[in-house]
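Reading through the structure tokens given below for one structure.
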Amino acid sequence: MAQHKIFVPRDTTSCALGAESLAERLGQLIAVDGLPLQLVRNGSRGLYWLEPLLEIDDGESRWAYGPLCESKLEELVAARFWENPGAHPSCLGKTEDIPYLRDQQRITFARVGVIDPLSVAAYREAGGFRGLDKALTMQAADIVAEIRDSGLRGRGGAAFPTGIKWQTVLDTPAPQKYVVCNADEGDSGTYSDRMLMEGDPMALIEGMIIAGLAVGADRGYIYLREEYPLTRLLLDEALEAARREGYLGERICDSDHDFEIELRLGAGAYICGEETAMLESLEGKRGEVRAKPPLPAVAGLFAQPSIINNVISLASVPGILADGAVEYQAYGVGRSRGTLPFQLAGNLRQAGLVELAFGNTLRSLLEDFGAGSRSGRPLRAVQVGGPLGAYLPESQWDTPLDYEAFQAIGAMLGHGGIVAFDDTVDMSLQARFSMEFCALESCGKCTPCRIGSTRGVELIDRIRDGREIEQNTALLLELCDTMEHGSLCAMGGLTPYPVRSAVRYFSADFEPGAGNT
Amino acid sequence: MAALPHSTPYDESQLLAICERFKHEPGPLLQVLHAVQDCLGHVPTEAVPRIAEALNLSRAEIHGVISFYHYFRQRPVGRHVLQICRAESCQAMGSRTLESHAQESLGIDFHETSADGQFTLLPVYCLGNCACSPSVRIADATFGHVDCAAFDRLIADLSADSEGDA
Ligand SMILES: Cc1cc2nc3c(=O)[nH]c(=O)nc-3n(C[C@H](O)[C@H](O)[C@H](O)COP(=O)(O)O)c2cc1C
Ligand code: SF4
Ligand code: FES
């Protein structure tokens with residue numbers, strides 16, 4: 001009898017919504033009743049309001065069912081839904097026809113939610129390792145040139161051109177070089193790194209191998225946050241699978257190159273996402289930010305030249321090598337080339353991952369994709385780019401999503417997190433939290449960040465109490481300037497952004513009596 | 001503080017085995033601390049001089065590292081560690097209410113353990129589960145859409161488990 005493949009995600013959020021017990025139940029039904037079904041655990045498509053999302057493959061298309069609970073699953077099985085997968089009344093249609101997915105440009109996330117993430121064969125079949133095959137035939141300098149020409153900029157937040165960073169590492173002679181993947185994903189409201197590592201870890205592994213070839217590094221580290229236990233499990237298995245198939249270890253793919261990757265865990269410190277603090281942490285020390293120079297590209301991990309890139313940056317590399325820089329360049333606007341996986345979070349009806357070429361608007365993300373607030377109340381403020389990003393009111397939602405346009409309005413795209421708040425939000429409380437978070441996570445090296453943030457909390461408390469509001473607001477803004485200009489890294493340097501934006505765009509929340517509503 | 005019922009007794013040979021396993025790797029301290037905490041539930045004070053000796057570091061360095069990272073702790077925790085996300089996406093979906101509810105219903109603040117040794121409450125800043133905020137993590141499981149009622153159900157389930165074990 002023909003076997004149908006059934007996909008049930010194994011992804012942190014899908015499991016939080018019940019995918020694990022659903023898969024277990026389905027496994028039992030298949031075993032006990034001898035159903036002609038093969039259960040595959042995939043990553044998530046990122047349509048989280050539909051999770052747990054079950055897909056069935058009839059050999060031509062994949063049909064979607066979700067959100068699915070166990071009793072609905074049993075109903076489907078009783079109806080032998082696999083015999084005519086698209087015909088059951090609760091079917092959502094073909095997965096790829098769901099507008100939320102259809103209207104995206106999935107490049108980096110092309111395979112996420114589609115394949116079995118732990119299968120090297122499935123990865124290859126879906127176009128994986130083509131980039132590596134090509135890179136193995138190229139000169140190191142040509143690989144770097146390809147990345148430079150693609151216009152890829154770091155997706156971890158700072159948007160620094162990846163090719164330039166790689167060139168520096170290539171040009172610095174050293175006995176040992178490293179490729180370090182920043183998988184700390186500390187920004188609230190972001191989860192694209194997690195989804196990629198859970199849904200297509202081979203893409204990250206391939207990207208790191210190519211990076212190694214490009215600069216002459218034979219060791220890689222992935223610095224993963226401790227908060228992602230399932231990711232850790234899946235990554236470990238993926239690394240093992242890649243090793244078994246000869247993609248890691250000595251003489252990878254029968255070439256003259258060695259490459260090994262080690263996974264190391266963080267320990268709950270936001271600042272360790274900052275690249276030099278991360279290096280300290282990888283070296284087993286306190287995660288204190290290093291002064292630059294030297295650049296990590298010159299003297300990074302264990303004082304050796306090191307590439308440090310975010311998960312999404314590295315996972316974008318295989319596709320660029322496989323299809324060429326020109327193809328990647330074709331997406332995007334201005335100096336923001338390619339795509340960014342936006343992550344819709346907070347108070348939205350359709351939260352999820354939306355990969356789009358740069359240039360769309362925030363409003364389109366919130367309304368067309370997000371479908372407005374989950375609470376049903378009007379949206380009022382949207383924080384873009386993590387805890388150090390500005391809060392934007394509706395008047396700013398038509399700003400094009402590109403790095404420069406956001407910078408021009410005192411905001412940033414960062415790692416692409418979009419957190420929406422409805423009109424019950426108290427913006428002075430949000431500003432207070434930004435300062436509180438900075439005080440909590442400051443590495444302590446510079447005074448404006450370490451002391452200033454605590455001062456900031458006190459000032460906002462006074463304002464919220466209605467004490468000398470005008471004076472204290474002026475002091476708060478002055479403090480923001482001091483922090484911005486007197487901090488060594490973006491922790492203290494950018495905390496003023498959410499605070500200032502709250503004061504500027506939502507001044508009513510700082511007025512007498514507003515604080516305690 | 002009396003020893004909590006769920007802390008694993010300190011066993012020096014285990015500790016030395018962990019140090020032995022990692023000491024030849026570059027920059028091994030965080031890995032050692034992770035392994036110790038995985039094993040014992042926390043990093044006991046008496047372990048510090050042993051680790052220092054094995055890794056050829058000063059005690060001050062090790063204390064410095066332990067105190068820097070929120071994750072490492074020097075005191076035992078309860079049987080169940082509950083982490084409530086306090087970050088922005090969860091704030092947008094009511095995590096502040098959830099926090100107060102959790103603290104009130106368990107009778108403890110963040111970083112405290114309930115008198116019966118069952119629950120330790122910790123803050124966390126994003127679990128990458130922001131598409132279904134508010135989020136809570138218990139051991140290695142992450143939960144979404146956790147409003148006060150869902151929180152009470154989680155606690156009831158855990159309490160039932162504990163009784164089953166006793
Ligand atoms: C406080 C702070 C936290 C950061 N957290 C992260 C993070 O979690 N993940 C990340 O990739 N980059 C983070 N960054 C940015 C890194 O310092 C660095 O720019 C990035 O890892 C470089 O990789 P990319 O060029 O591929 O983006 C952070 C920066 C700062 C200042
Ligand atoms: S700004 Fe803050 S986090 Fe950054 S180096 Fe200074 S004290 Fe450390
Ligand atoms: S902000 Fe709470 S899970 Fe991300």
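Results for (1) touching a residue at least 60 places away in the same chain (Cβ under 8 Å); (2) aromatic (Phe, Trp, Tyr); (3) over 23 Å from A:MET427 (Cβ atoms), shown as yes or no for each residue.
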| residue | (1), (2), (3) |
| --- | --- |
| B:ILE62 | no, no, yes |
| B:SER67 | no, no, yes |
| B:HIS70 | no, no, yes |
| B:PRO76 | yes, no, yes |
| B:VAL81 | no, no, yes |
| B:GLN91 | no, no, no |
| B:ARG96 | no, no, no |
| B:HIS101 | no, no, yes |
| B:GLU104 | no, no, yes |
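Mind checking which residues of the range A:288-315 are more than 18 Å from A:THR162 (Cβ to Cβ) and of a type outside the set (S, T, N, Q)? Outline the logic, then answer.
Pass one, the range A:288-315, residues more than 18 Å from A:THR162 (Cβ to Cβ): A:288-291, A:293-294, A:299, A:302-304.
Of everything in the range A:288-315, those that are more than 18 Å from A:THR162 (Cβ to Cβ) and of a type outside the set (S, T, N, Q) turn out to be A:GLU288, A:VAL289, A:ARG290, A:ALA291, A:PRO293, A:PRO294, A:ALA299, A:PHE302, A:ALA303.
If I filter the range A:287-300 for residues that are within 14 Å of chain B (Cβ to nearest Cβ), away from ligand 2 (no atom under 12 Å from the Cβ), open to solvent by 30 Å² or more (accessible area, probe 1.4 Å) and modelled with pLDDT of 95 or more, do I get at least one hit?
Taking the range A:287-300 and keeping what is within 14 Å of chain B (Cβ to nearest Cβ), we get A:287-289, A:300.
This time we only want the ones that are away from ligand 2 (no atom under 12 Å from the Cβ), so: A:300.
Those still in the list that are open to solvent by 30 Å² or more (accessible area, probe 1.4 Å) too: none.
Looking for residues that are within 14 Å of chain B (Cβ to nearest Cβ), away from ligand 2 (no atom under 12 Å from the Cβ), open to solvent by 30 Å² or more (accessible area, probe 1.4 Å) and modelled with pLDDT of 95 or more, one finds none in the range A:287-300, hence no.
Just name the residue that is farthest from the chain's Cα centre (by Cα) out of those in the range A:301-316 that are open to solvent by less than 10 Å² (accessible area, probe 1.4 Å), within 14 Å of chain B (Cβ to nearest Cβ) and within 29 Å of B:CYS19 (Cα to Cα).
Applying the filter and picking the extreme gives A:LEU301.
Tally the residues that are more than 22 Å from A:MET208 (Cβ to Cβ) and either in contact (Cβ under 8 Å) with a residue 60 or more places away in the chain or within 15 Å of ligand 1 (Cβ to nearest atom) (or both), restricting the search to the range A:311-340. Steps first, answer last, please.
Step one: filter the range A:311-340 for residues more than 22 Å from A:MET208 (Cβ to Cβ), giving A:326, A:329-336.
If we keep only those that are either in contact (Cβ under 8 Å) with a residue 60 or more places away in the chain or within 15 Å of ligand 1 (Cβ to nearest atom) (or both) as well, we get A:326, A:329, A:331-336.
Of the residues in the range A:311-340, 8 are more than 22 Å from A:MET208 (Cβ to Cβ) and either in contact (Cβ under 8 Å) with a residue 60 or more places away in the chain or within 15 Å of ligand 1 (Cβ to nearest atom) (or both).
In this structure, is A:GLY268 more than 9 Å from chain B (Cβ to nearest Cβ) and within 16 Å of ligand 3 (Cβ to nearest atom)?
Working: more than 9 Å from chain B (Cβ to nearest Cβ): no; within 16 Å of ligand 3 (Cβ to nearest atom): yes.
In short, no.
State yes or no: is A:GLU237 over 22 Å from A:MET491 (Cβ atoms) and among the charged types (D, E, K, R)? Can you show your working first?
Values: over 22 Å from A:MET491 (Cβ atoms): yes; among the charged types (D, E, K, R): yes.
Yes, satisfied.
Report yes if A:GLY249 is without any contact (Cβ under 8 Å) to a residue 40 or more places away in the chain, in contact with a helix residue (DSSP H, G or I) (Cβ under 8 Å, 6 or more places away or on another chain), on the phi > 0 side of the Ramachandran plot and more than 14 Å from chain B (Cβ to nearest Cβ), otherwise no.
Details: without any contact (Cβ under 8 Å) to a residue 40 or more places away in the chain: yes; in contact with a helix residue (DSSP H, G or I) (Cβ under 8 Å, 6 or more places away or on another chain): yes; on the phi > 0 side of the Ramachandran plot: yes; more than 14 Å from chain B (Cβ to nearest Cβ): yes.
Taking the combined requirement at face value, the residue satisfies it.
Quick one: which of A:VAL419, A:VAL499 is within 13 Å of another protein chain (Cβ to nearest Cβ), buried (at least 16 other Cβ atoms within 10 Å of the Cβ) and modelled with pLDDT of 95 or more?
The conditions single out A:VAL419.
Provide a single number: the residues in the range A:153-183 that are of a type in the set (Lys, Arg) and more than 23 Å from A:GLU280 (Cβ to Cβ). It would help to see each step written out before you state the result.
Initial filter on the range A:153-183 (of a type in the set (Lys, Arg)): A:153, A:155, A:165, A:177.
Going one step further and asking which of them are more than 23 Å from A:GLU280 (Cβ to Cβ), we end up with A:153.
So the answer is 1.
One line per residue, one yes/no per condition, for (1) away from ligand 1 (no atom under 16 Å from the Cβ); (2) assigned to a helix (DSSP H, G or I); (3) among the hydrophobic types (A, V, I, L, M, F, W, C); (4) under 22 Å from A:ARG464 (Cβ atoms):
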| site | (1), (2), (3), (4) |
| --- | --- |
| A:SER395 | yes, yes, no, no |
| A:ASP398 | yes, no, no, no |
| A:ALA405 | yes, yes, yes, no |
| A:GLY414 | no, no, no, no |
| A:VAL419 | no, no, yes, yes |
| A:ALA431 | yes, yes, yes, yes |
| A:GLU436 | no, yes, no, yes |
| A:LEU440 | no, yes, yes, yes |
| A:PRO448 | no, yes, no, no |
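Need pairs with beta-carbon distance below 6 Å; first residue under 16 Å from A:ARG380 (Cβ atoms) and within the range A:355-368, second in a loop (DSSP other than H, G, I, E, B); sequence gap 6+ or separate chains.
Cβ pairs passing all conditions: A:LEU362/A:TRP397; A:ARG363/A:TRP397; A:ARG363/A:ASP398.
Taking the range A:317-347 on its own, how many of its residues are away from chain B (no Cβ under 14 Å) and assigned to a strand (DSSP E or B)?
Our first condition is that a residue be away from chain B (no Cβ under 14 Å); within the range A:317-347, this holds for A:317-340.
Then drop every residue that is not assigned to a strand (DSSP E or B), which leaves A:332-333, A:336-337, A:339-340.
Selection size over the range A:317-347: 6.
Cβ-Cβ under 8 Å, sequence separation 6+ or interchain: first residue in the range A:375-393 and within 11 Å of chain B (Cβ to nearest Cβ) and touching a residue at least 24 places away in the same chain (Cβ under 8 Å), partner open to solvent by 30 Å² or more (accessible area, probe 1.4 Å) and charged (D, E, K, R). Which pairs?
The qualifying pairs are A:LEU379/A:GLU394; A:LEU379/A:ASP423; A:ARG380/A:GLU394; A:ARG380/A:ASP423.
Among the numbered criteria (1) open to solvent by less than 20 Å² (accessible area, probe 1.4 Å); (2) at pLDDT 95 or above, which one does B:PRO49 miss?
With (1) open to solvent by less than 20 Å² (accessible area, probe 1.4 Å); (2) at pLDDT 95 or above applied to B:PRO49, the lone miss is (1).
Within the range A:364-379, identify whether any single residue is surrounded by 23 or more Cβ atoms within 10 Å (Cβ to Cβ), touching a helix residue (DSSP H, G or I) at 6+ places or on another chain (Cβ under 7 Å) and under 18 Å from A:PHE506 (Cβ atoms), and answer yes or no.
yes
Would you confirm, using the coordinates I've provided, whether A:LEU388 is over 18 Å from B:CYS126 (Cβ atoms) and modelled with pLDDT of 95 or more?
On the way: over 18 Å from B:CYS126 (Cβ atoms): no; modelled with pLDDT of 95 or more: yes.
When the stated conditions are applied, A:LEU388 does not pass them.
Just to confirm my filter: which strands (runs of 3 or more DSSP E) fall fully inside the range B:94-166 and include at least 3 residues that are surrounded by 16 or more Cβ atoms within 10 Å (Cβ to Cβ) and out of contact with any Pro (no Cβ under 9 Å at 6 or more places or on another chain)?
Working: elements: B:119-124, B:136-138, B:141-143.
So the answer is B:119-124.
Determine which member of the set A:LEU279, A:LEU224 is within 16 Å of ligand 2 (Cβ to nearest atom) and either crowded, with 22+ Cβ neighbours inside 10 Å or away from chain B (no Cβ under 14 Å) (or both). Outline the logic, then answer.
Details: A:LEU224 fails: within 16 Å of ligand 2 (Cβ to nearest atom).
One residue alone meets the criteria, A:LEU279.
Is at least one residue of the range A:462-479 open to solvent by 50 Å² or more (accessible area, probe 1.4 Å), within 15 Å of ligand 2 (Cβ to nearest atom) and charged (D, E, K, R)? It would help to see each step written out before you state the result.
The initial filter retains those residues of the range A:462-479 that are open to solvent by 50 Å² or more (accessible area, probe 1.4 Å), namely A:462, A:465, A:467-468, A:470-471, A:474-475, A:477-478.
Remaining after also requiring within 15 Å of ligand 2 (Cβ to nearest atom): none.
Within the range A:462-479, none of the residues are open to solvent by 50 Å² or more (accessible area, probe 1.4 Å), within 15 Å of ligand 2 (Cβ to nearest atom) and charged (D, E, K, R).
Those residues that are touching a residue at least 24 places away in the same chain (Cβ under 8 Å), within 16 Å of A:ALA431 (Cβ to Cβ), more than 14 Å from chain B (Cβ to nearest Cβ) and more than 7 Å from ligand 2 (Cβ to nearest atom), I need them from the range A:486-496; list them, please.
Once the filter is applied, which keeps residues that are touching a residue at least 24 places away in the same chain (Cβ under 8 Å), within 16 Å of A:ALA431 (Cβ to Cβ), more than 14 Å from chain B (Cβ to nearest Cβ) and more than 7 Å from ligand 2 (Cβ to nearest atom), the range A:486-496 yields only A:LEU494.
Considering each of A:ALA330, A:ALA357, A:ALA381 in turn, give the residue that is of a type in the set (Gly, Ala, Ser), closer than 23 Å to A:ILE147 by Cβ and more than 21 Å from the chain's Cα centre (by Cα).
Working: A:ALA357 fails: more than 21 Å from the chain's Cα centre (by Cα); A:ALA381 fails: closer than 23 Å to A:ILE147 by Cβ.
Answer to the check: A:ALA330.
Report the residue count in the range A:63-95 for those that are open to solvent by 60 Å² or more (accessible area, probe 1.4 Å) and either among the aromatic types (Phe, Trp, Tyr) or touching a strand residue (DSSP E or B) at 6+ places or on another chain (Cβ under 7 Å) (or both).
Count: 2.
Please return the ranges of helices (runs of 4 or more DSSP H) entirely within the range B:19-92 where 3 or more residues are closer than 30 Å to A:LEU301 by Cβ. Let's see the steps before the verdict.
On the way: elements: B:29-40, B:47-55, B:59-68, B:88-92.
Those helices (runs of 4 or more DSSP H) span B:29-40, B:47-55, B:59-68.
Among the residues in the range A:190-209, are any among the polar types (S, T, N, Q), open to solvent by less than 10 Å² (accessible area, probe 1.4 Å), farther than 25 Å from A:VAL144 by Cβ and away from ligand 1 (no atom under 12 Å from the Cβ)?
So far as the range A:190-209 goes, no, none of its residues is among the polar types (S, T, N, Q), open to solvent by less than 10 Å² (accessible area, probe 1.4 Å), farther than 25 Å from A:VAL144 by Cβ and away from ligand 1 (no atom under 12 Å from the Cβ).
Out of the range A:289-310, which residues are more than 9 Å from ligand 1 (Cβ to nearest atom) and of a type in the set (S, T, N, Q)?
A:GLN304, A:SER306
The values are calculated or read from the model by the stated rules, or taken from the named source; none is laboratory data. Nothing here was measured: the structure is a model prediction, and the numbers come from that model. A quick note on method: Cβ atoms are made from the backbone with ideal geometry, for glycine too, and the neighbour counts reach across all protein chains shown. Each accessible area value is taken on the protein alone, full model and side chains, heavy atoms only, with ligands, DNA and RNA left out. Shrake-Rupley method; radii C 1.70, N 1.55, O 1.52, S 1.80 Å.
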